[in-house]
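See below for the structure under consideration.
The values are calculated or read from the model by the stated rules, or taken from the named source; none is laboratory data. These numbers come from a predicted model, not from an experiment. No Cβ is skipped: glycine too gets one built from the backbone with ideal geometry, and neighbour counts run over all protein chains shown. Accessible surface is based on the protein model in full, side chains and every heavy atom, while ligands, DNA and RNA are left aside. Shrake-Rupley method; radii C 1.70, N 1.55, O 1.52, S 1.80 Å.
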Amino acid sequence: TTSAPGSVTPASTATDDSAHQVLSLAPPPKELLPSSSAPVLSKSDSQISLSPWLTKTWSQDSFESVESVLARADKDVQLLVHELIARNTSLENLAAPQTGEKTCVNKLPDIQSHIRVFCRIRPVLPREEGRIVSATRKDELTAEIVRPQTTYSGMRQQTRLMQFDAVFGPAHSQEDVFEEVQELVQSAVDGYNVTILSYGQTGAGKTYTMYGHEGDHRGIAPRTIEAVFAKLRDLDAARFCPVVSVNLVELYNNNFRDLLNHPARSAYGHTSLHSTHMGVRRESRAGECATNLAQDIVVSGVEELQKLLQHGIGQRHVASTVLNPDSSRSHMILTISLDIFDKESQARFMGKIRICDLAGAERQKKTGATGEAMKEAIEINKALTAL
């Protein structure tokens, strides 16, 4: 309402409907009330005056109400502080150092969704120079896909933005990719089953991402192996008894094949019965599907497991195509099983990490596959379609 300078019209005297929309604020504490000598701020040219707290008389009951609210709030804060102190103390007293990490890491899937999809865009190859770049990284969650499209007016480019849980560009390293999945190692140590798989067109860099090369070019699989044994070393040796076993199989032309069950494997000191046929069965103890007759080999350290892995990769079916000179002709599945026995609680934690390097989707007119390679491509595409 408009009033003379130095005065305020009480809301209760307003006659229009807006009076019913005035918010009633709680009375201020005593220390916030201005003294009798407090200045009155006014702006006479706009007919608006600011005379805080001078136009209403506050009763003693109002002050008591504010004080009671503050007292209750102070009590709530004190209770919260005591609860936080108690929780912090309980965390510090945990016998196993990994328990707090276990709780946090294994809640991540509930927050981020149990299935997360990452996109990795590889660098342009020398033979691809001069072509239109079909995929670029817009930001950490978005990839831009550009495709040529034929219209009645001629050729034009169709642009589409796609969202992922993370997007890696050509400048990202193998370590950058592994950082996004390394918490799954802790989940496996805690008794969960986790799977990491690579999917994409042939020649897109799936095997490089999963296995890579030596040194800084190590892929997800060798880095996972290192992280597993690093986690196990952090356990209390007097309390926990961990056992690590591994198997490596490939699905080639719709048939499973044990890549570690080979005569050359005896060079590493391991022997097993030769399996002529492998199938899929339901494993009742772990409640999951598994391949039968793929014998798990117990390993004691990183070096031993790495040697087995390199030998198994050498047994995998590969062939040369127009798009990829070392094209994987099968889906390869590495399974690392963890069995950790807690002598103190008599509990057993059983977890698995499966790393699946899928064969690439193919188009015959692009790969130039013929004969046996053509048959392999048909089986590869059938399996990827089923997936």
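Structure notes:
One line per residue, one yes/no per condition, for (1) of a type in the set (A, V, I, L, M, F, W, C); (2) open to solvent by less than 20 Å² (accessible area, probe 1.4 Å):
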position: Gly154; (1), (2): no, no
position: Gln158; (1), (2): no, no
position: Ala166; (1), (2): yes, yes
position: Glu180; (1), (2): no, no
position: Leu184; (1), (2): yes, no
position: Ser187; (1), (2): no, yes
position: Gly200; (1), (2): no, yes
position: Thr207; (1), (2): no, no
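- Ala221 of a type in the set (Gly, Ala, Ser) and crowded, with 21+ Cβ neighbours inside 10 Å: yes
- Each residue in the range 275-317 was checked for being modelled with pLDDT of 70 or more and in a strand (DSSP E or B), and 3 pass.
- Listed by position, the strands (runs of 3 or more DSSP E) inside the range 121-221 whose residues that are under 29 Å from Arg363 (Cβ atoms) and without any contact (Cβ under 8 Å) to a residue 12 or more places away in the chain number at least 2 are 142-151, 154-163.
- Condition met for Thr367 (buried (at least 16 other Cβ atoms within 10 Å of the Cβ), over 31 Å from the mean Cα position of the chain (by Cα) and either at pLDDT below 90 or among the hydroxyl-bearing types (Ser, Thr, Tyr) (or both)): yes
- Taking the criterion of being more than 15 Å from Arg348 (Cα to Cα) and either outside any helix (DSSP H, G or I) or of a type in the set (A, V, I, L, M, F, W, C) (or both), the residues of the range 227-236 that qualify are Ala227, Val228, Phe229, Ala230, Asp234.
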